[in-house]
Each structure stands twice: as structure tokens, then as C-alpha cells.
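Colleague: Dropping a structure here in C-alpha cells format, bear with me for questions.
Here, each number is a calculation from the coordinates, and none is a lab measurement. Predicted, not measured: the structure shown is a model, and the values here were computed from it. Using ideal geometry, Cβ is built from the backbone for each residue, glycine included, and neighbour counts are taken over all protein chains shown.
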Amino acid sequence: RAARKGGGDAMHFATPEFFFIFLLVPVVWGFRRWRRRKATTPAVQFASFLALEAVPAGFRARLALLLPAVRIAALALLVVALARPQTEDFETLTGQGLDIMLCLDMSGSMNAVDMDLDEIASWQERSIEPPNRFRTAVDTLKEFVKNRRGDRIGLVVFASEAYLKFPLTLDHASVLKQLDSLVLDNMERSRDRDACINNCTINGERTAIGDALSKAYKRLEKSDGSGKLIVLITDGNDNASKLKPMDVAGYIGSQPDGPRPGVYTFLVGGGPKSKIPARVGGAVARQSGFLSYVPYDEHVDEANIREMVEAARGTFHAAYDEDQFRQAFSSLEKSEHLEQKVSLRKEQFLPVLLASLGLLVLELLASATLLRRFP
């Protein structure tokens with residue numbers, strides 16, 4: 001379980017009802033005054049001491065006047081200690097035994113780069129191809145997995161079909177290896193073969209969102225995790241599923257809150273800056289050893305995907321470039337599904353109690369020794 005501490009040092013009192021004792025102070029004070037007024041005349045008469053009032057009080061006499069104040073302060077601190085003062089802090093728990101299924105789109109459109117041509121050129125000038133949607137998604141998921149200590153994570157990949165790449169597991173190192181091993185279909189084709197020629201993980205011609213959502217849900221349906229979550233990342237419309245996405249989403253959304261997993265869907269790309277590697281025939285076009293990019297005029301039915309997410313009673317994020325995607329994903333990590341803030345209260349009554357006892361001991365010792373009063 002990972003934890004982060006934060007918050008403040010706000011003071012709280014666990015048993016504030018003890019403060020009602022202070023209401024007795026004016027009652028006691030009034031009673032003492034009443035008794036003094038009702039005091040009877042002494043049976044034995046003494047000579048008047050009025051003449052001594054002109055004699056200046058000594059240092060010890062002045063200190064003796066403070067003894068009642070010391071006793072009052074000690075009793076006041078005792079009441080505060082009985083009220084049990086506490087300071088409050090917060091600890092954010094980020095690993096709670098959740099079961100999380102990741103659904104990653106590996107269709108050909110994930111080769112797109114959501115940058116303008118100048119940004120692409122700046123990457124290539126450094127002898128690096130710019131990160132496409134798929135690479136950005138994989139890198140973000142890897143960071144996510146590293147932060148999910150204590151949670152079981154599984155992986156479903158989908159394009160023309162959907163299949164379970166890795167079941168729910170606490171072996172996050174294996175999940176990270178699986179993410180690194182994924183090869184996106186670069187959409188190059190040979191003349192005699194209508195399939196990828198770059199040893200891709202899955203054919204990227206089409207997109208099966210509904211089937212991916214179904215496979216993820218089936219893995220979570222009988223899990224015993226303290227919470228369940230589906231994280232779906234896609235950039236396109238469903239056109240290959242055997243199960244309609246709306247039907248699957250509606251079924252998930254109809255489940256009770258306890259067994260029902262939270263569904264977080266990220267629609268990536270589709271903005272005005274989108275570019276796709278150019279192709280000449282079946283080959284990807286290159287110039288000076290680097291990919292050539294052309295504007296990608298794609299039509300994604302965002303409203304339909306939103307409707308699907310609403311049917312699943314999930315959360316939808318649209319991210320049109322890499323920065324927006326990373327920001328949207330950070331909101332997932334701070335969501336109520338993944339983070340739980342626990343209030344931590346630390347007892348502070350002991351220092352107050354010790355101060356009260358210290359003042360009482362001081363008052364008693366002073367009254368019995370240095371500041372002792374004689375009849």
C-alpha cells in the first residue's frame with residue numbers, strides 16, 4: 001500500500017463536552033462571595049490591624065497574590081486535557097487491493113501523432129521519431145502500473161479483435177514487460193498478404209471496443225477485490241465487435257454499485273493537429289530515413305462514445321493531444337476509485353496534562369514553603 005501524507009495541523013477536541021465545566025466558574029465565584037458576606041463576627045475580638053496597611057508588601061507577599069491565579073490556570077489546563085486536544089493530518093492511500101483491467105486500443109489509427117509539422121520536425125532533428133498515440137498511452141500506463149502497489153492489474157488489447165493479454169496479477173513487473181512487448185501494426189502490407197508485416201501484436205485494420213469491454217468486465221465479474229475498475233483507451237469508433245458496445249455498457253451500468261466496476265474511458269487524438277504516417281501503396285513513406293506525415297482527417301463519433309460511457313455509469317475524458325491525455329489520466333489517479341484520504345488524529349492531551357500537574361505541584365510547594373501563609 002502506497003501512502004502520501006498531507007493536510008494541516010488543525011486542532012480538534014475529542015470530548016469537548018468537558019468545556020462545560022467552565023460554566024461552573026461564575027457559580028463558584030458567586031457562592032464564595034455570598035459566603036463571605038454571610039460570615040459571622042468572630043467570637044474573639046482582636047486588635048485592629050489597619051495601621052499595618054500602610055506598611056509596603058514584601059516580595060514574597062506579592063508573589064503569594066499569584067498563587068490563586070496559578071491554581072486557576074492549572075485547573076483550566078486540566079479541563080483542556082480532559083477535552084482531549086488532537087491535531088489532524090491526512091494520509092492518502094493509493095494501494096487498496098483494487099482489481100484494475102486495462103483496455104488498450106491497438107488499431108492502426110494509434111500510429112497517428114497529435115502534433116503540428118513543426119513539432120514533428122523538431123523531434124526528427126534530434127534523430128527521434130515523435131511519440132504516436134500508442135507510445136504515449138503505453139508510457140502513461142507503465143507509470144500508472146508502477147504506482148499501483150497492492151492492486152491486481154490485467155491487460156486486454158484490441159483492434160480487429162480483442163483478447164486477454166495478461167490476467168489480473170500482483171506481478172506488476174510482468175505487466176510492464178507485456179506492455180513493452182506490444183507491437184503496433186504500422187499498417188504496411190505486402191502485395192500477397194493482407195496482414196501486418198512488422199510482427200504486430202494484433203491486426204490493426206479495425207476496432208473492437210465492445211468485445212474489449214466485455215472481456216475486461218468478465219475478468220472483474222467474479223473478482224474479490226475491494227474495488228473494481230476498467231480503464232479503456234481508444235481513438236476510434238467500434239466497427240469490429242461481435243458484441244455491441246452499448247449493450248455491454250448498458251449491462252455493466254445496470255449492476256449494483258458494489259459489484260459494478262468503475263469505467264474510465266479516454267478518447268485520444270482527433271484534434272486539428274493530428275497527423276498520420278504517409279503511405280505509398282502498401283509501404284510507409286519515408287524521407288531521409290524518417291517517417292513522412294500527412295494530415296489525418298479522421299471522423300470519430302465522440303457523442304456515441306460518450307453515450308456508451310454514460311450507459312456504463314462511467315467517466316469520460318476527451319484528450320486531443322499528448323498533454324491533454326496525460327492531464328486527463330492524472331485525474332484518474334486522483335479519483336475516489338484510486339485514492340482514499342484517511343484522517344489521522346494525534347492525541348495532544350499529554351503535554352497539556354503535564355503542564356496542569358506541573359502548575360498544581362508548583363502551587364502546592366510554594367504554598368507550603370516559600371510562600372506559606374501564617375495565621
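Colleague: With r defined as the distance between the Cβ atoms of Trp34 and Lys346 and R0 fixed at 41 Å, what FRET efficiency is calculated, to the nearest 0.05? If you can, show how the numbers build up before the last one.
Modeller: On the way: r = 44 Å, r/R0 = 1.08.
Plugging the Cβ-Cβ distance into 1/(1 + (r/R0)^6) gives 0.40.
Colleague: Let me ask another. Do you know the relative contact order of segment 121-221, to the nearest whole percent, from alpha carbon pairs under 8 angstrom that are 6+ apart?
Modeller: On the way: 123 pairs, mean separation 26.6, N = 101.
Over segment 121-221, the number comes to 26 percent.
Colleague: Same structure, new question: Assuming 0.36 nm per residue, please report the length gained on full extension of the stretch Lys146 to Lys242 beyond their Cα-Cα distance. Numbers along the way, then the final one.
Modeller: On the way: separation 96, 0.36 × 96 = 34.56 nm, distance 3.33 nm.
Extra length available between Lys146 and Lys242 comes to 31.2 nm.
Colleague: State the Kirkwood hydrodynamic radius of segment 95-338 in Å, one decimal place, computed from all pairs of distinct Cα atoms.
Modeller: Details: mean 1/r = 0.0545 Å⁻¹.
Computed over segment 95-338, the radius equals 18.3 Å.
Colleague: Further question: When ranked by the protection proxy of mean other Cβ atoms within 10 Å per residue, highest first, what sequence do the peptides 196-202, 128-134 form?
Modeller: Values: 196-202: 16.0, 128-134: 19.9.
Final packing ranking: 128-134, 196-202.
Colleague: While we're looking at this one, here's another question. What relative contact order, as a whole-number percentage, does segment 95-338 give when Cα pairs under 8 Å and 6 or more residues apart are counted? Display every interim value, and only then the final one.
Modeller: Values: 514 pairs, mean separation 58.2, N = 244.
Averaging sequence separation for qualifying contacts and normalising by length gives 24 percent for segment 95-338.
Colleague: Right, something else. Go from 0 up to the bin containing the longest alpha carbon distance in segment 206-301, width 5 Å each, and give me the % of pairs per bin.
Modeller: Each 5 Å bin holds this share of Cα pairs: 2, 11, 17, 17, 13, 11, 9, 7, 6, 4, 1, 0.
Colleague: With +1 on each Lys and Arg Cβ and -1 on each Asp and Glu Cβ, how big is the dipole of segment 214-302 about its Cα centre, in debye rounded to the nearest 20?
Modeller: Roughly 380 debye for segment 214-302.
Colleague: Based on the mean of other Cβ atoms within 10 Å per residue, sort peptides 14-21, 347-354 so the most packed one is first.
Modeller: On the way: 14-21: 12.1, 347-354: 14.5.
Packing proxy ranking, top to bottom: 347-354, 14-21.
Colleague: Over 30 Å between Cα atoms, which of Lys146/Lys215; Lys228/Lys273; Lys222/Lys242; Lys165/Lys242 qualify?
Modeller: Numbers: Lys146/Lys215 23 Å; Lys228/Lys273 35 Å; Lys222/Lys242 22 Å; Lys165/Lys242 19 Å.
Lys228/Lys273, as the Cα separations exceed 30 Å there.
Colleague: How high is the relative contact order of segment 188-287, given as a whole-number percent (alpha carbon pairs under 8 Å, six or more residues apart)? Can you show the working numbers first?
Modeller: On the way: 109 pairs, mean separation 33.0, N = 100.
Reported relative contact order: 33 percent.
Colleague: Pull out a ≥ b ≥ c, the square roots of the eigenvalues of the alpha-carbon gyration tensor of segment 80-178, then state rounded if a/c is under 1.5, prolate if not and a/b is larger than b/c, and oblate in the remaining case. Let's see the in-between values first.
Modeller: On the way: a/c = 3.60, a/b = 1.74, b/c = 2.07.
Verdict is oblate for segment 80-178.
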